[in-house]
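Below is one structure, written out as structure tokens; comments come after it.
The values are calculated or read from the model by the stated rules, or taken from the named source; none is laboratory data. In this text the structure is predicted, and so the values were computed from the model without any measurement. Reconstructed Cβ throughout: ideal geometry from the backbone, glycine too, with neighbour counts over all protein chains shown. Surface areas here come from the heavy atoms of the whole protein model, side chains and all, with no ligands, DNA or RNA. Shrake-Rupley method; radii C 1.70, N 1.55, O 1.52, S 1.80 Å.
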Amino acid sequence: MDQIRIRGGRPLSGEIAISGAKNAALPLMAAALLTERRLVLSNVPQLADIHTMASLLGQHGLAVEKLAEGGRVLSLGGAVTSTEAPYDIVRKMRASVLVLGPLLARTGQARVSLPGGCAIGTRPVDMHLKGLEQMGAEIQLEAGYINARVRGRLRGASILLPVPSVGATENLLMAACLADGQTAIANAAREPEIGDLAACLRAMGARIEGVGSERLVVEGVSRLGGAEHAIIPDRIETGTYACAAAITGGTVRLRGGRLGHLGALARTLAEAGVEITEEGDALLVRRLNGLHGADVMTEPYPGFPTDMQAQFMALMAVAEGAAMVTETIFENRFMHVPELNRMGARINVHGASAIVRGVRSLSGAPVMATDLRASVSLVLAALAARGETVVSRVYHLDRGYERVEEKLAGCGAEIARSHD
Ligand code: EPZ
């Protein structure tokens with residue numbers, strides 16, 4: 001298994017190219033199931049999760065071709081020959097459940113393994129299922145699988161999501177595009193990745209209104225065509241490297257980063273003493289003087305993203321004063337806390353909140369984490385720590401950060417990957 005070794009204490013300086021957004025790419029790839037024509041996606045990030053989605057689509061019968069740059073441009077298309085998403089693939093990546101809506105809408109049936117819980121929480125998919133049932137699907141849970149079928153086409157429906165779930169919004173939006181009549185999704189999630197999915201679906205011929213608002217209205221069409229679509233830059237990768245610049249007291253240009261996609265994160269970083277300015281197609285990030293403690297609470301977009309909570313906590317670990325970090329989206333997303341504390345941080349968890357008391361410096365240590373964002377928060381802490389940190393279980397990082405060690409080394413970090 002790979003490890004990443006980091007010797008901390010160097011301010012980062014230079015430019016980092018932001019990759020396409022993983023969480024936009026995954027639903028966009030699933031959208032290829034909605035048409036027999038070709039969907040060509042560019043700016044596809046080179047990540048383990050993308051390969052998992054490509055093999056799942058391949059198993060459904062789609063041809064997945066790499067058109068350029070080792071897979072940065074992907075062509076997807078063809079007949080659906082299997083409507084089963086097997087446990088062996090779904091257990092590797094929960095986002096596999098995004099094939100459910102498209103398969104059902106296109107073929108009238110789907111058999112998808114239930115994703116089960118994961119390291120950050122129980123993460124049920126009840127809202128996905130209930131919404132599809134409202135659209136006329138018959139759904140049974142049996143032997144760990146979701147068995148779904150519909151006689152004829154799905155029907156338009158008026159759906160109210162109890163909370164703005166990103167995945168449920170995406171699954172229902174895709175299904176609604178091929179349903180008979182109008183579907184309204186109220187309390188829909190508003191993440192930029194949903195806007196990107198809607199833009200691509202529209203290019204394929206879907207009729208969607210209300211994009212960017214909490215109410216999406218879709219007029220179903222009988223078929224969708226092909227399209228070419230460039231995936232938006234990854235706002236979480238952008239935020240992560242902004243924290244890397246800030247925690248090391250450096251200055252970094254994030255090429256492709258979009259300020260308009262950062263939501264409350266930009267405001268919170270400013271409050272903590274980190275300046276972000278737009279410079280052409282890039283964001284320039286630098287720490288002004290000292291870092292100050294700033295309280296945050298995770299919320300659906302445009303609130304502070306749960307996917308930035310661990311990285312922001314690493315930053316707060318070395319800020320002046322205290323910060324209260326409250327996690328409202330997932331019930332078990334503080335696994336980075338004990339590892340950060342092993343590096344000298346002073347963090348106490350009380351229920352859904354963590355009190356972070358800033359310390360002068362952290363010290364390197366062997367660490368590991370159980371999920372993607374927790375792992376990268378340890379990389380950030382290591383960049384600021386005295387001495388060497390060895391981060392193991394690097395496969396978590398590879399699920400969501402493309403060439404993390406190359407990008408950081410390009411800005412002067414002392415970082416290298418090695419085999420255990
Ligand atoms: C997406 O997960 C992201 N994944 C997650 O990214 C992200 O943390 C999350 O949204 C929140 O922003 C992808 O886009 C592939 P949700 P998703 O449905 O869609 C509850 C990362 O590190 N819920 O918005 O699974 C759920 O348990 C990650 O890249 C139900 O109760 O998240 C959670 O508490 C991990 N029933 C809340 O809603 C449901 O049917 C929000 O989850 C669906 C969700």
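Exactly one of these conditions fails for Val274: (1) under 21 Å from Arg94 (Cα atoms); (2) more than 14 Å from the ligand (Cβ to nearest atom). Give me its number.
(1)
Which pairs turn up if I take residues in region 365-388 that are modelled with pLDDT of 95 or more and look for partners that are of a type in the set (Asp, Glu) and away from the ligand (no atom under 12 Å from the Cβ) with beta carbon separation below 7 Å, at least 6 apart in sequence or on another chain?
Once the first residue is modelled with pLDDT of 95 or more and sits in region 365-388, its partners that are of a type in the set (Asp, Glu) and away from the ligand (no atom under 12 Å from the Cβ) give Val367/Glu339; Leu378/Glu339.
From Ala85, Ala63, grab the single residue that is modelled with pLDDT of 95 or more and open to solvent by 50 Å² or more (accessible area, probe 1.4 Å).
Step by step, each of Ala85, Ala63 is checked, and only Ala63 is modelled with pLDDT of 95 or more and open to solvent by 50 Å² or more (accessible area, probe 1.4 Å).
Show the residue pairs meeting these rules: Cβ distance below 9 Å; 6+ apart or different chains; first residue within region 318-336 and under 12 Å from Ile355 (Cα atoms); second residue open to solvent by less than 40 Å² (accessible area, probe 1.4 Å) and hydroxyl-bearing (Ser, Thr, Tyr).
Met324/Ser353; Val325/Thr298; Val325/Ser353; Thr326/Thr298; Thr326/Ser353; Glu327/Thr298; Glu327/Thr306; Glu327/Ser353
Filter region 164-173 down to the residues that are under 23 Å from Ala230 (Cβ atoms) and either more than 13 Å from the ligand (Cβ to nearest atom) or surrounded by fewer than 24 Cβ atoms within 10 Å (Cβ to Cβ) (or both) and list them by number.
Residues satisfying the conditions are Val166, Gly167.
Is there a residue being among the basic types (Lys, Arg) and either away from the ligand (no atom under 16 Å from the Cβ) or without any contact (Cβ under 8 Å) to a residue 40 or more places away in the chain (or both) anywhere in region 11-34?
Checked region 11-34: no residue is among the basic types (Lys, Arg) and either away from the ligand (no atom under 16 Å from the Cβ) or without any contact (Cβ under 8 Å) to a residue 40 or more places away in the chain (or both).
Taking the condition of being over 22 Å from the mean Cα position of the chain (by Cα) and crowded, with 16+ Cβ neighbours inside 10 Å, how many residues in region 323-338 meet it? So that I can check it myself, show each step before the final result.
Quick first cut of region 323-338, residues over 22 Å from the mean Cα position of the chain (by Cα) only: 323-324, 338.
Imposing the further condition that a residue be crowded, with 16+ Cβ neighbours inside 10 Å reduces the set to 323.
Total meeting the criteria: 1.
Answer with yes or no whether Glu138 is among the acidic types (Asp, Glu), without any contact (Cβ under 8 Å) to a residue 12 or more places away in the chain and open to solvent by 60 Å² or more (accessible area, probe 1.4 Å).
no
Only residues that are closer than 21 Å to Gly9 by Cβ and part of a loop (DSSP other than H, G, I, E, B): list them for region 379-404, please.
Correct list: Ala385, Gly387.
Suppose we filter region 389-398 for residues that are among the β-branched types (Val, Ile, Thr) and at pLDDT below 95; how many remain?
Selection size over region 389-398: 1.
Which one of Gly152, Gly156 is small (Gly, Ala, Ser), open to solvent by 50 Å² or more (accessible area, probe 1.4 Å) and over 21 Å from Leu41 (Cβ atoms)?
Among Gly152, Gly156, only Gly152 is small (Gly, Ala, Ser), open to solvent by 50 Å² or more (accessible area, probe 1.4 Å) and over 21 Å from Leu41 (Cβ atoms).
What is the residue count in region 197-211 for residues that are away from the ligand (no atom under 11 Å from the Cβ) and either closer than 21 Å to Leu265 by Cβ or of a type in the set (A, V, I, L, M) (or both)?
Number of matching residues: 8.
Could you please give the count of residues in region 379-404 that are surrounded by fewer than 18 Cβ atoms within 10 Å (Cβ to Cβ) and hydroxyl-bearing (Ser, Thr, Tyr)?
Number satisfying all stated conditions: 2.
Going by the structure shown, is His336 within 14 Å of the ligand (Cβ to nearest atom) and in contact with a helix residue (DSSP H, G or I) (Cβ under 9 Å, 6 or more places away or on another chain)?
On the way: within 14 Å of the ligand (Cβ to nearest atom): yes; in contact with a helix residue (DSSP H, G or I) (Cβ under 9 Å, 6 or more places away or on another chain): yes.
Answer is yes for this residue.
Is it fair to say Val73 is touching a helix residue (DSSP H, G or I) at 6+ places or on another chain (Cβ under 8 Å), more than 14 Å from the ligand (Cβ to nearest atom) and more than 22 Å from Ala148 (Cβ to Cβ)?
Answer is no for this residue.
Would you mention how many residues in region 36-45 are assigned to a loop (DSSP other than H, G, I, E, B), away from the ligand (no atom under 16 Å from the Cβ) and either aliphatic (A, V, I, L, M) or farther than 19 Å from Ile194 by Cβ (or both)?
Residues in region 36-45 being assigned to a loop (DSSP other than H, G, I, E, B), away from the ligand (no atom under 16 Å from the Cβ) and either aliphatic (A, V, I, L, M) or farther than 19 Å from Ile194 by Cβ (or both): 3 in total.
Looking only at region 311-329, which residues are away from the ligand (no atom under 16 Å from the Cβ), touching a strand residue (DSSP E or B) at 6+ places or on another chain (Cβ under 6 Å) and part of a helix (DSSP H, G or I)?
Selection gives Met316 alone.
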